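The values are calculated or read from the model by the stated rules, or taken from the named source; none is laboratory data. Everything quoted here is computed from the prediction, not taken from an experiment. Note: ideal-geometry Cβ built from the backbone for every residue, glycine included; neighbour counts use all protein chains shown. Each accessible area value is taken on the protein alone, full model and side chains, heavy atoms only, with ligands, DNA and RNA left out. Shrake-Rupley method; radii C 1.70, N 1.55, O 1.52, S 1.80 Å.
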Amino acid sequence: MSMQDTQASETVGSVFVDDAKFSVRSLSVRYGEDLAISNVSIDIAKTDVIAMIGASGCGKSTFLRSLNRMNDTIENCKVRGSIKLDNVDIYADKRDAVPLRARVGMVFQKPNPFPKSIYDNVAYGPKIHGLARKTADMDEIVETSLRRTGLWKEVKDRLTQPGTSLSGGQQQRLCIARTIAVSPEVILMDEPCSALDPIATATIEELIAELNSKYTIAIVTHSMQQAARVSNRTAYFHMGNLIEVNETEKVFTNPEHDLTESYITGRLG
Amino acid sequence: MDNLHLDQHISRQFNADLEQLRTGLLEMGGMVEAQLADAIQAIETADGALAEKVLKVEDEVDRREIFLDAEATTILARRQPAASDLRLVLMVIKAIRDLERMGDEASKIARMALLLNDEGEAPRGYVELRHLATKVAKLVNAALDAFARFDVYSAVKVVRDDREIDVEYQSAIRELITYMMEDPRAISRVMNIMWALRALERIGDHARNIAEHIIYLVHGMDVRHISLSEVEKNIEAQK
Ligand SMILES: Nc1ncnc2c1ncn2[C@@H]1O[C@H](COP(=O)(O)OP(=O)(O)OP(=O)(O)O)[C@@H](O)[C@H]1O
Ligand SMILES: [Mg+2]
């Protein structure tokens, strides 16, 4: 599918905000010659849980990955435009992206604990970022992170067991604990619940609401209901274009763009 | 005609469910319209048998409300509709409540017809009654028609016309009160007419509610507390 010739459409809705954590301007992302994100501009507010929705292949993951330069790891992926985090362009120089990824953490679709103990999974990030000098400090980071994800009670007596010994929902919370252990400012989540049952999903959603008091959150989801439940803003992508950004309530009761309406009501656009 | 594209979901069952809700509301509306027409005729002609028939239809209207309410609830639970689909389901839930109330009011008119049948015709009030009844019946019809066509312009007109009806109701009441003061022996019978006028006025209010639900359905605007000219401006702006 080539989108080269498609004129980038004007995004409708409330695209920009006053307290922007991220300011994305004229972002285009290519894989080789193929345009995956086409001239997208949007602000993500400090206080946002922003949901990215849209059909498979519309560029949600690509957009999310550009926010912490995960795309750098993909050969032939070219990023144009500017993305500012607290007013500083994250692509300005080709510096090491590791510090950025400590500030902007990511949780993936499939829980992917390292093949290490539960404790070491959480301690891994703080260790490589040099956040804890003493063992006691590290213990505290591990405990706080596990507590914040509601996992502490369930695992405190088995911290030395492998992370992979946990259930899927617990593994995903472990991955979130691992992400917040390095005290990020933003958490990116790419379909974090798609491999989980409804109870585990509800636990993660509850966690998202709780984490939002400290962190900016951007979440990609294929579940309209999940987007409606957890987010305060919703961004709808269609074939690499950002069609609409609005308050979640507006998007799900009275969207501005016909394409958004078709997508969320399950109509053929 | 279907400017909400009810038939364009990927799920055909969902299309069918929403269509059933739509036709169910229209059927229930048709039932209430007939009930109202009978009630009006019953009071004008002091026809006891017709009044009894109106009271019987009320049970059927109530059953319809319960049935459609369950249908709508099932759609909410199973389909979790969004946007215009969600607004349609919410609209139907509210509108069937208004229709059921209209049915109640029509029954009140029928009960007044039975009383007048016992006590003898009122000496005054029939002109006012006939006048208001014609207008209200038209209003109910227009509201249902606006729903059938999802037509906001007709809906706005219903809201506007209901205001006129309220004004006429007030003046009819004033006139009848003046008459009763002059002729106290007629009070009880004229009061029956006044209660019927009051029921008609309430039916007009419910028709207006339905029209407001239609505006919400089509445009996602809650128009209950803004002026009509503002509503019209917003509708133009959304085009
Ligand atoms: N590593 C890659 N190399 C080449 N093309 C890619 C790569 N990753 C994604 N693409 C292409 O970019 C476009 C957007 O993909 P992306 O993964 O961002 O979509 P998505 O919205 O996340 O889809 P899904 O909902 O299926 O996860 C697609 O056409 C896809 O084929
Ligand atoms: Mg993806």
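Pairs are defined by a Cβ separation below 8 Å, a sequence spacing of at least 6 or placement on different chains, a first member in the stretch B:103-130 that is without any contact (Cβ under 8 Å) to a residue 40 or more places away in the chain, and a second member that is not in a helix (DSSP H, G or I); no pair meets this definition. Taken together, the criteria place B:Lys94 among residues that are within 30 Å of A:Leu259 (Cα to Cα) and part of a helix (DSSP H, G or I).
Among the residues of the stretch A:252-265, write down those that are free of Cβ contacts under 8 Å to residues at least 60 places away in the same chain and either of a type in the set (A, V, I, L, M, F, W, C) or at the interface with another protein chain (Cβ under 7 Å from one of its Cβ atoms) (or both). Those that are free of Cβ contacts under 8 Å to residues at least 60 places away in the same chain and either of a type in the set (A, V, I, L, M, F, W, C) or at the interface with another protein chain (Cβ under 7 Å from one of its Cβ atoms) (or both): A:Phe252, A:Thr253, A:Asn254, A:Pro255, A:Leu259, A:Glu261, A:Thr265. Within the stretch A:43-76, the set of residues being open to solvent by less than 10 Å² (accessible area, probe 1.4 Å), acidic (Asp, Glu) and farther than 19 Å from A:His257 by Cβ comprises A:Asp48 only.
Each row is one residue, and each column tells you yes or no for (1) without any contact (Cβ under 8 Å) to a residue 12 or more places away in the chain; (2) over 20 Å from A:Asn71 (Cα atoms).
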site	(1), (2)
A:Asn87	no, yes
A:Val104	no, no
A:Val107	no, no
A:Pro113	no, yes
A:Ala123	no, yes
A:Thr135	yes, yes
A:Glu140	yes, yes
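Of the candidates A:Val29, A:Val40, A:Val79, A:Val107, the single residue that is surrounded by 15 or more Cβ atoms within 10 Å (Cβ to Cβ), within 16 Å of ligand 1 (Cβ to nearest atom) and either under 30 Å from A:Arg158 (Cα atoms) or among the charged types (D, E, K, R) (or both) is A:Val107. Being of a type outside the set (Lys, Arg) and either open to solvent by less than 10 Å² (accessible area, probe 1.4 Å) or under 30 Å from A:Leu85 (Cα atoms) (or both) is the filter here; which residues of the stretch A:170-182 pass it? A:Gln171, A:Gln172, A:Leu174, A:Cys175, A:Ile176, A:Ala177, A:Thr179, A:Ile180, A:Ala181, A:Val182, listed by residue number. Taking helices (runs of 4 or more DSSP H) as the structural unit, those lying wholly within the stretch B:131-239 and holding at least 1 residues that are within 14 Å of another protein chain (Cβ to nearest Cβ), over 18 Å from the mean Cα position of the chain (by Cα) and farther than 18 Å from B:Leu88 by Cβ correspond to B:228-238. Considering each of A:Ala218, A:Ala228, A:Ala209, A:Ala202 in turn, give the residue that is open to solvent by 20 Å² or more (accessible area, probe 1.4 Å) and closer than 16 Å to A:Ile187 by Cβ. None of the other options fit; the residue is A:Ala209.
Here A:Glu10 meets each of (1) at pLDDT below 95; (2) touching a helix residue (DSSP H, G or I) at 6+ places or on another chain (Cβ under 6 Å); (3) within 28 Å of A:Glu249 (Cβ to Cβ) with one exception, condition (2). Considering only the stretch A:192-221, state which residues are closer than 24 Å to A:Ile90 by Cα and within 16 Å of ligand 2 (Cβ to nearest atom). Listed by number, the residues that qualify are A:Ala218, A:Ile219, A:Val220. Looking only at residues in the stretch B:71-107 that are over 19 Å from the mean Cα position of the chain (by Cα), of a type in the set (Gly, Ala, Ser) and open to solvent by less than 50 Å² (accessible area, probe 1.4 Å), the one that is nearest to B:Leu197 (Cα to Cα) is B:Ala72.
With respect to the conditions (1) within 15 Å of ligand 2 (Cβ to nearest atom); (2) in contact (Cβ under 8 Å) with a residue 60 or more places away in the chain, A:Met70 lacks only one, and its number is (2). Please tell me if A:Glu185 is at pLDDT 95 or above, surrounded by fewer than 17 Cβ atoms within 10 Å (Cβ to Cβ) and under 18 Å from the mean Cα position of the chain (by Cα). Taking the combined requirement at face value, the residue satisfies it.
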